[in-house]
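Below is one structure, written out as structure tokens; the observations come after it.
Readers should treat all values here as calculations from the given coordinates under stated rules, not as data from a laboratory. As the structure is a prediction and not an experimental result, all values here were calculated from the model. As a convention, Cβ positions derive from the backbone with ideal geometry for all residues, glycine included, and neighbour counts pool all protein chains shown.
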Amino acid sequence: MAQTAENDAFVAFERVQKSYDGESLVVKDLNLAMPKGEFLTMLGPSGSGKTTCLMMLAGFETATHGEIKLDGRPINNIPPHKRGIGMVFQNYALFPHMSVAENLSFPLEVRKMPKAEREKKVQRALEMVQMGQFGGRRPAQLSGGQQQRIALARALVFEAELVLMDEPLGALDKQLREHMQFEIKRIADELGITVVYVTHDQTEALTMSDRVAVFDDGRIQQLAPPDELYEAPQNSFVAQFIGENNTLEGVVEEIGGNRCTVKLDNGNVIDAMPVNVARKGERTRVSIRPERVEFNPDLGPEAHTLDAQVREFIYMGDVFRTRLSVAGNDEFIVKTRNRADQVRFAPGETVKIGWKAEDCRALDAS
Ligand SMILES: Nc1ncnc2c1ncn2[C@@H]1O[C@H](COP(=O)(O)OP(=O)(O)OP(=O)(O)O)[C@@H](O)[C@H]1O
Ligand SMILES: [Mg+2]
């Protein structure tokens with residue numbers, strides 16, 4: 001997807017900073033432009049600033065610096081209820097003494113919407129989440145997933161074009177969670193609504209999103225579609241945070257064009273793609289995905305191979321998972337498909353491993 005120009009973005013954060021105590025910044029320099037209809041997920045460790053960003057967009061927190069725009073207009077001074085944004089949280093807090101329909105109708109009533117119109121909108125919102133028959137029930141008479149769907153309907157009842165969701169599925173068991181991921185995505189696509197979704201579950205982020213913003217330490221570390229995040233992490237944090245990853249440490253020996261050679265700390269030399277290193281002599285951490293490593297590789301005369309000791313060999317049905325000691329790393333993982341010709345290894349065995357240089361990314365050592 002092309003980078004959205006900030007002036008035709010539907011949602012835009014421009015140089016946004018946030019401090020709660022007037023000293024430390026929990027959001028450091030946020031720049032983000034979302035086109036209409038995008039499903040964007042903020043993913044990152046606890047305390048990285050995700051909820052704070054959502055709260056500023058919703059209007060419950062003010063930005064310390066910078067500007068937030070909705071449909072091209074600055075919204076810094078617009079109160080939450082006038083921003084026309086729907087919200088769903090982990091603790092969905094339906095009113096227990098009201099029926100499902102009353103729960104949905106209540107916010108419309110507060111806005112003095114006539115009864116007939118209210119009823120129509122409530123019914124439509126319930127049908128969107130396939131809960132049309134449940135308007136008369138109390139929340140306590142619904143399953144967790146059904147309650148979550150009602151919470152979603154309550155966010156949709158205003159026909160908001162932008163919906164914010166903060167860990168909305170956190171309280172659900174795995175199966176229901178996966179089902180609801182699919183449902184939310186389907187509803188968002190069908191209605192063409194723009195969604196900002198917050199989670200620290202990377203599978204959830206990767207399966208639902210058009211783009212994922214990986215947060216750490218109050219900054220977006222990388223903003224990209226899911227496949228790009230996994231295939232082309234731009235720094236060590238993203239490489240480690242998204243999916244399983246092997247790292248080896250060393251120093252850049254030569255660098256030029258799209259290749260560098262790295263002398264690993266144990267003396268071995270390997271080829272890599274320079275991604276987040278700039279010069280000879282710099283320390284680097286190279287990153288290789290477990291499924292890109294080959295045993296006894298035939299990669300041509302130029303390629304480097306490494307000796308490795310097998311620590312553990314685990315049969316997982318569809319794949320074999322081999323844990324190795326390689327160049328000082330005892331947690332080096334290789335995944336191989338379970339094929340008839342795939343050799344099985346015994347602990348203690350010495351094997352040769354290798355990979356294509358383009359699958360090996362030289363990243364920052366930090
Ligand atoms: N109301 C507040 N007052 C002071 N500090 C706060 C407040 N809310 C959040 N913080 C701090 O700001 C930082 C970012 O918090 P935030 O809630 O945005 O993180 P998060 O990424 O949503 O984390 P989690 O995944 O745990 O929900 C944290 O260090 C947190 O302690
Ligand atoms: Mg949070």
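Tabulated values for the structure
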quantity: Computed magnitude of the charge dipole of the chain (debye, nearest 20; Cβ of K, R +1, Cβ of D, E -1); calculated: 1200 debye
quantity: With Cα atoms, 0 to 90° folded angle of helix 115-128 axis to the chain main axis; calculated: 20 degrees
quantity: GluC sites (Glu not before Pro) restricted to the range 290-350 and DSSP loop, no more than 16 other C-beta within 10 Å; calculated: E302, E349
quantity: Most mobile of P96, P35, P290 in a GNM of the chain (Cα contacts under 10 Å); calculated: P96
quantity: Exposed-site-free run, longest, the chain (rule: trypsin sites (Lys or Arg not before Pro); DSSP loop; at most 12 other C-beta within 10 Å); calculated: 113-278
quantity: When the range 54-115 is reduced to its Cα atoms, the Kirkwood hydrodynamic radius in Å; calculated: 13.8 Å
quantity: Relative contact order (%) - the range 246-363, alpha-carbon pairs under 8 angstrom, separation at least six; calculated: 32 percent
quantity: Acute angle (nearest 10 degrees) that the helix 100-110 long axis makes with the longest principal axis of the chain, alpha-carbon atoms; calculated: 70 degrees
quantity: Hull volume in cubic angstrom per residue (convex hull over the Cα atoms of the chain); calculated: 177 Å³
quantity: Relative contact order of the chain, pairs being alpha-carbon contacts under 8 Å that are 6 or more residues apart, as %; calculated: 15 percent
quantity: Distance between the range 229-305 and the range 80-138 - C-alpha centres, whole angstrom; calculated: 53 Å
quantity: 0 to 90° range, to nearest 10: angle between helix 174-191 axis and the chain longest Cα axis; calculated: 60 degrees
quantity: Span per principal axis, largest first, for the Cα atoms of the range 62-209 (Å); calculated: 45, 41, 27
